[in-house]
Amino acid sequence: MNGSIALPDEFSDSLKHAVKVVNSASFLRVVSHYDADGLAAAAVIVGALSRAKKQFHLTISKSLDKEVLESLAKEGNEAILFLDMGSGQIDGLETLKAKVAALDHHKPIRKSKKIVQVNPHFFGLDGMTEACASTVSFLLAVMMDPCNWELSPIAIAGMIGDRQHMGGMKSVNQQILDYAREKGFIEVQRGLNLKGTTIADAIADSADPYFVGLSGRKDNVMAFLESMRLNPDHPMGSLDDVHRRKLTSMLSLRLMGQGCRPETVEELVTDVHWIPSMNITAFDLADLLNACGRMNYEGLGIAMCMGDKEALARASELRREYNGKILTRLTEIEAGGVIHKSHIQYFEAPDPSLAGAQCGLAMQYILDQSKPTLALSKVKGSVKVSSRGTKYLVSKGLDFSAALKKAAEKFGGIGGGHAVAAGATIDEGKEDEFLAAVDEIVGLQLR
Ligand SMILES: [Mn+2]
């Protein structure tokens, strides 16, 4: 592959099989996930298919459930690509008549003779930290045509969207980043991990990182900056070294003071991946994609990745709106809106589309670091459960995927995902028993 990426043989072989699936049809059905990684993966594949002059029909989905599979079966497609999903629904995929490739990084259930599964887990790689759906989709794209290296910034945004850059890019992701830099598709420099035009806005609008007492509270931010003799209206992009260091150390102290894990504090100053072709950072692009997905404007996210300037401006507005919604609930959680059990903590998230994000941010920045966090949303007679731990808790034995699966199945629901973040759906009314079961399982895991 341009001699630039070294992959385990089996990995390359499965990519070759996926290329065959693509080449077997002139029309491709593509289904991807609605988060930043899924949207970036979809944008990469759309770019590659367009270059290859293939027709396609893309659907972005929140989950790959029975309904989605049934409607796909009815379409009578020749070839289908699943991105950022599929490995957990291998039985369902096998019922489809089409040639199917699943480019996924979620824990696979089993291998399949019928389905091409390109999943890092099969090749000795960690799908949580070393390769995501954007990574795998990008590898397919450059195997189809090395010109697709120009799509590398989108793939890198996807990696960042799935937080695979935490503690530095690793493995295949690192190789992609290195070569993208060499080719000038990405420039890397150190900087503050904040978005926004002025210092005051960057802090007040920041949900990630969430600054307790400052995020969502512009007045407090003004007072905080004035106490440090920093001009609140100073443009973020042109902070000189002295001021950047001053601001960095004050904000780091705050994060430490609110009990964040050291790796979270370290993330405040980070490698900033600049995308010259889009005049934006990869972190920013990931964040915009995330907002597009959560606000049900997936097409806008894809258009933005394809270089549409208007889409980029519209996505920025969406993000402001989305961040406002996230911050409102987070400030409430900060003010005590969380319930503790022995080993877990949980809160209600009225808007299910924001629950996962709020759960992750609350876990990382606001709540008790020793207790994995769940967020519950009521949707039409059922309860959607989101959950987030930390890498530290996972290293101590937390496996939310197993815990939610076991607890949900006990009460007729379904659950699964990653060790650090998983989801479940249960019937309304079963919450208390479900939470008690999760509390018990997590307690045993962390013992
Ligand atoms: Mn993903």
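The values are calculated or read from the model by the stated rules, or taken from the named source; none is laboratory data. Given the structure is predicted, the values throughout are model-derived calculations rather than measurements. Using ideal geometry, Cβ is built from the backbone for each residue, glycine included, and neighbour counts are taken over all protein chains shown.
Below are the figures for this structure:
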quantity: Residue satisfying condition, being of a type in the set (Ser, Thr, Tyr), in contact with a helix residue (DSSP H, G or I) (Cβ under 9 Å, 6 or more places away or on another chain), closer than 19 Å to Arg294 by Cα and crowded, with 24+ Cβ neighbours inside 10 Å, within set Ser386, Ser353; calculated: Ser386
quantity: Members of region 65-86 found to be modelled with pLDDT of 95 or more and either within 16 Å of the ligand (Cβ to nearest atom) or on the phi > 0 side of the Ramachandran plot (or both), listed by number; calculated: Leu81, Phe82, Leu83, Asp84, Met85, Gly86
quantity: Some residue of region 162-176 being touching a Leu at 6+ places or on another chain (Cβ under 8 Å), part of a helix (DSSP H, G or I) and at pLDDT below 95; calculated: no
quantity: Restricting region 198-230 to residues that are over 22 Å from Arg261 (Cα atoms) and in contact (Cβ under 8 Å) with a residue 40 or more places away in the chain, the residue that is surrounded by the fewest Cβ atoms within 10 Å (Cβ to Cβ); calculated: Arg217
quantity: Scope region 423-446; condition under 10 Å from Ala408 (Cα atoms) and not in a helix (DSSP H, G or I); matching residues; calculated: Gly423, Ala424, Thr425, Ile426, Asp427, Lys430
quantity: Matching residues in region 81-139 - criterion: being part of a loop (DSSP other than H, G, I, E, B), farther than 24 Å from Val394 by Cβ and of a type outside the set (Val, Ile, Thr); calculated: Leu96, Lys97, Ala98, Lys111, Ser112, Lys113, Lys114
quantity: Failed condition for Val118, given (1) within 16 Å of the ligand (Cβ to nearest atom); (2) within 20 Å of Ala421 (Cβ to Cβ); calculated: (2)
quantity: Glu94 being over 17 Å from Leu28 (Cβ atoms), away from the ligand (no atom under 16 Å from the Cβ) and touching a Lys or Arg at 6+ places or on another chain (Cβ under 6 Å); calculated: yes
quantity: Meets criteria (in contact (Cβ under 8 Å) with a residue 40 or more places away in the chain, within 13 Å of the ligand (Cβ to nearest atom) and either among the hydroxyl-bearing types (Ser, Thr, Tyr) or in contact with a Lys or Arg (Cβ under 7 Å, 6 or more places away or on another chain) (or both)) for Ser32; calculated: yes
quantity: Qualifying positions in region 28-45 - over 14 Å from the mean Cα position of the chain (by Cα) and either surrounded by fewer than 23 Cβ atoms within 10 Å (Cβ to Cβ) or not in a helix (DSSP H, G or I) (or both); calculated: Leu28, Arg29, Val30, Val31
quantity: Count of residues meeting criterion [in a strand (DSSP E or B) and surrounded by fewer than 19 Cβ atoms within 10 Å (Cβ to Cβ)] in region 400-415; calculated: 1
quantity: Residue check for Glu310: among the acidic types (Asp, Glu), assigned to a helix (DSSP H, G or I) and farther than 15 Å from Lys195 by Cβ; calculated: yes
quantity: Qualifying residue in region 134-155 (condition: touching a Pro at 6+ places or on another chain (Cβ under 9 Å), assigned by TED's automatic domain parsing to the domain that holds Tyr34 and closer than 30 Å to Leu268 by Cα); calculated: yes
quantity: Pair list, Cβ < 6 Å and 6+ apart or interchain, from region 390-401 residues that are within 16 Å of Cys359 (Cα to Cα) to residues that are surrounded by fewer than 21 Cβ atoms within 10 Å (Cβ to Cβ) and of a type in the set (Lys, Arg); calculated: Thr390/Arg261
